[in-house]
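No lab work stands behind these numbers, since they all come straight from the coordinates. None of these values were measured; they are calculated from a predicted model. Cβ atoms come from the backbone with ideal geometry, glycine included; neighbour counts cover every protein chain shown.
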Amino acid sequence: MLTARWRSGRARHARRTGVPADSGTLASAGERIAEQEVDVGRPVAGAGVVTVLAAVLGFATIAVLVRLYLVANLRDGDTAAARPARALMVAGGVITAVGLVLVAFDPWDTADAAAILTLVGGSIVFLAGSLVWHRAVSGRVSRSRALAIGALVCFACIGFALPGVVLAALVFAVLLLLALVASGWFTPPSASVRE
């Protein structure tokens, strides 16, 4: 019944827009997904342990980004100067999510330019927004965020030699360490000789 409703919707869409109903539109993709029968108890073809690991790693990375976003926005408050940084943080999170999807499609494949630019670049955009936010609110530059950006730049440089899932794990590790520092659970060693 649902598939029949989608077919009639596709026909209406084809009449209104002039786009053929079988042209590979989003509706036809939804129909193909709906027509596939998947047993709940059987694994989906091609979903290996590493693919599941990449998906879990992706969800964990997004959860850490959300945590960093909420810590910055709830703890530090909101100022007019910091509002553009919020857009950078959200854009960086979305770009990172795209990179994680690219990695999840083929986790053992060596990271290509698209995966590196979206995964590492999106995280850098997020951290740049976080850095701008912290500067606007507190008047200081966060050393931990600057060091995290530096580490991510290093990972981007060697990313072409790494499998996508390893690159995603490295990005996750940097973001998790930053989240632990931001929440006060972990204090990095001081470089000061006075302490």
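Using θ = phi - 60° and the Karplus form 6.51 cos²θ - 1.76 cosθ + 1.60, what ³J(HN,Hα) does each residue of segment 173-181 get, whole Hz, x for Gly and Pro?
So the Karplus estimates, Gly and Pro as x, are 4, 5, 5, 5, 4, 5, 5, 5, 5 Hz.
Apply the a/c threshold of 1.5 to the C-alpha gyration tensor of segment 49-183 and tell me whether it is rounded, prolate or oblate.
Details: a/c = 2.19, a/b = 1.94, b/c = 1.13.
Here segment 49-183 falls in the prolate category.
Contour minus end-to-end for Ala161 and Ala91, with contour as 0.36 nm per residue of separation and end-to-end as the Cα-Cα distance? Show your work: numbers first, answer last.
Values: separation 70, 0.36 × 70 = 25.20 nm, distance 2.67 nm.
Contour length minus the Cα-Cα distance gives 22.5 nm.
In whole Hz and in residue order, list the ³J(HN,Hα) couplings for segment 107-122 that follow from phi through the Karplus curve 6.51 cos²θ - 1.76 cosθ + 1.60, θ = phi - 60°; x for Gly and Pro.
For segment 107-122, the Karplus-derived couplings read x, 8, 5, 4, 4, 9, 4, 5, 5, 5, 5, 7, 6, 6, x, x Hz, x marking Gly and Pro.
Which of Val50, Val165 has the fewest other C-beta atoms within 10 Å, and how do the rest follow up to the most?
Lowest count first: Val50, Val165.
Loop-only check: which trypsin sites (Lys or Arg not before Pro) in segment 118-168 are DSSP coil with at most 14 other Cβ within 10 angstrom? Please report the intermediate quantities before stating the final value.
Working: sites: Arg135, Arg140, Arg143, Arg145; in loops: Arg140.
Qualifying residues, ordered by number: Arg140.
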